[in-house]
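See below for the structure under consideration.
The values are calculated or read from the model by the stated rules, or taken from the named source; none is laboratory data. Everything numeric in this text was worked out from a predicted model, so none of it was measured. Here the Cβ is made from the backbone with ideal geometry for all residues, glycine too, and neighbour counts use every protein chain on show.
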Amino acid sequence: MQVWEGGGSGSIRFDAAKAKLMGLGSTRAEGSNGEGKERKKLGTMAENSTLQAALFQCMTSLQAQGLLEVLCPVQVEAIAFDTSGTDPTGPARVTWAGKDGVRSQLTTRLLVGADGAASRVKKARGLPSWGWDYAQRAVVATVSLDEQADAADAPSPRPSTTLSANKSSHSNSSPATAWQTFLPQGPLALLPLWGPYHSIVWSTTPAEADRLKALPREAFLAELNAKLQCPIGLLDPPSFPSYVPQPLVKALVGAHHLVESVVVSAALNQGFHVAPLVRDVCGPRLSFDLRAEHASAYVGARAALVGDAAHTIHPMAGQGLNLGLADAMALSTLIEAGVVEGQDVGSPLFLRRYQNARQAANLGMLGGLTALHGLFGRKEGSWRWLRNVGLGTLNALDPVKAKMAEVAMGVNSGGGRQRV
């Protein structure tokens, strides 16, 4: 994965092999001789429809084994909690209607709200939430890459100062590279799906998002490639007001040259690549408004929230789904242990163990992304210099990058997935 500031000087590149994650996130690729070869990876991109199809297939398989009952398609008409205060004296009740219009009702000791940001379970249980709008809108689309394109042919506004150990291309760089550049109005990500197909997530102002969606295909591709193909250059020296003492100015300029040496060395060592050319847009360009929201409580009597029902974050780090999967894993692990122990799995006291574990992790990620959004949203020259120095310096620190990759992958310090 490569991250850089568009038109700036700093970049950071994460390499799965260099991260040395002790076999985590590895896959086996079968060669022509039938022998498997292990390959490291930092993550996997999958379309939402593909995930849904895989999950539904798993559900129907469990149903065939008598382990699960799938009610689909149905329309949920009402959710009620038969409780007294905080003591769960009765079950949760869900009224639903099938496609024939016949109403039915089911009761449960625990109703899990995995129904998105506008969760009806959250509303019915009265679990409050707080948040804010980012004043941004994300344009998303599936695109295909020009597999024959060489990045050396890409437009380069500052060719004389480009920090590059080689002239990379899509053919000699890994096709499984995720690219993200921070632009003045928001980040732009190019994320691999399969073969030449990638997904883009372009966060910008609502007005700019509407303009991008309305552009003719060729004009949109031209703007997209212009943003992605912008190389990095040398650090611009910081400027100081006249009232800053000259000895301090000289010291800071000296520090700047030292940092510049570190950044250049790291860029050469890590091999900054210019992103591949986008050849075509496959399908419609869609958009959605960006908002951060967090439930003050994930659990109540007979109810628990997971995923977007409990929290939504900025998509810049691609962590929304990861956090939701971690929620589901933590809650299912806790329920499994509770059933074995004979616990009331719908009791708020029992469920609080899930809330305590996941709220801390999710709030930490929300805080980190909020800080990043604020940092890259500042336009002042001093902040721009700080961002580029920070990216370039981090790029030289492989142990720190490995730890950052572990956090993003949901790996704890003990080498395993986070659990309750």
What's the number of the condition Lys18 fails, among (1) modelled with pLDDT of 55 or more; (2) more than 20 Å from the chain's Cα centre (by Cα); (3) over 18 Å from Pro399 (Cα atoms); (4) not in a loop (DSSP other than H, G, I, E, B)?
(3)
Exactly one of Gly318, Gly414 is modelled with pLDDT under 90 and under 22 Å from Gln180 (Cβ atoms), and that residue is Gly318
Of the residues in region 175-193, those that are among the polar types (S, T, N, Q) and in a strand (DSSP E or B) come to Gln180, Thr181
Determine if region 64-75 includes at least one residue that is part of a helix (DSSP H, G or I) and at pLDDT 55 or above.
yes
What's the number of the only condition in (1) at pLDDT below 90; (2) surrounded by 15 or more Cβ atoms within 10 Å (Cβ to Cβ); (3) within 22 Å of Trp202 (Cα to Cα); (4) within 17 Å of the chain's Cα centre (by Cα) that Thr312 fails to meet?
(1)
Would you please name the residue that is farthest from the chain's Cα centre (by Cα), looking only at residues in region 104-130 that are part of a strand (DSSP E or B) and within 21 Å of Tyr354 (Cβ to Cβ)?
Thr108
If Gly101 satisfies all but one of (1) within 29 Å of the chain's Cα centre (by Cα); (2) modelled with pLDDT under 90, what's the number of the condition it fails?
(1)
Output for region 359-384, where each listed residue is touching a residue at least 60 places away in the same chain (Cβ under 8 Å), surrounded by fewer than 16 Cβ atoms within 10 Å (Cβ to Cβ) and of a type in the set (Lys, Arg)
Lys379
Within region 202-224, residues being buried (at least 20 other Cβ atoms within 10 Å of the Cβ) and out of contact with any Lys or Arg (no Cβ under 9 Å at 6 or more places or on another chain) number 1
Candidate set: region 330-358, residues that are in a loop (DSSP other than H, G, I, E, B) and touching a residue at least 12 places away in the same chain (Cβ under 8 Å); chosen: the one surrounded by the fewest Cβ atoms within 10 Å (Cβ to Cβ)
Asp344
Of those in region 196-231 that are within 23 Å of Gln2 (Cβ to Cβ) and without any contact (Cβ under 8 Å) to a residue 40 or more places away in the chain, the residue farthest from the chain's Cα centre (by Cα) is Ala222
A careful count of residues in region 288-309 that are surrounded by fewer than 19 Cβ atoms within 10 Å (Cβ to Cβ), assigned to a strand (DSSP E or B) and either among the polar types (S, T, N, Q) or out of contact with any Ser or Thr (no Cβ under 7 Å at 6 or more places or on another chain) (or both) gives 2
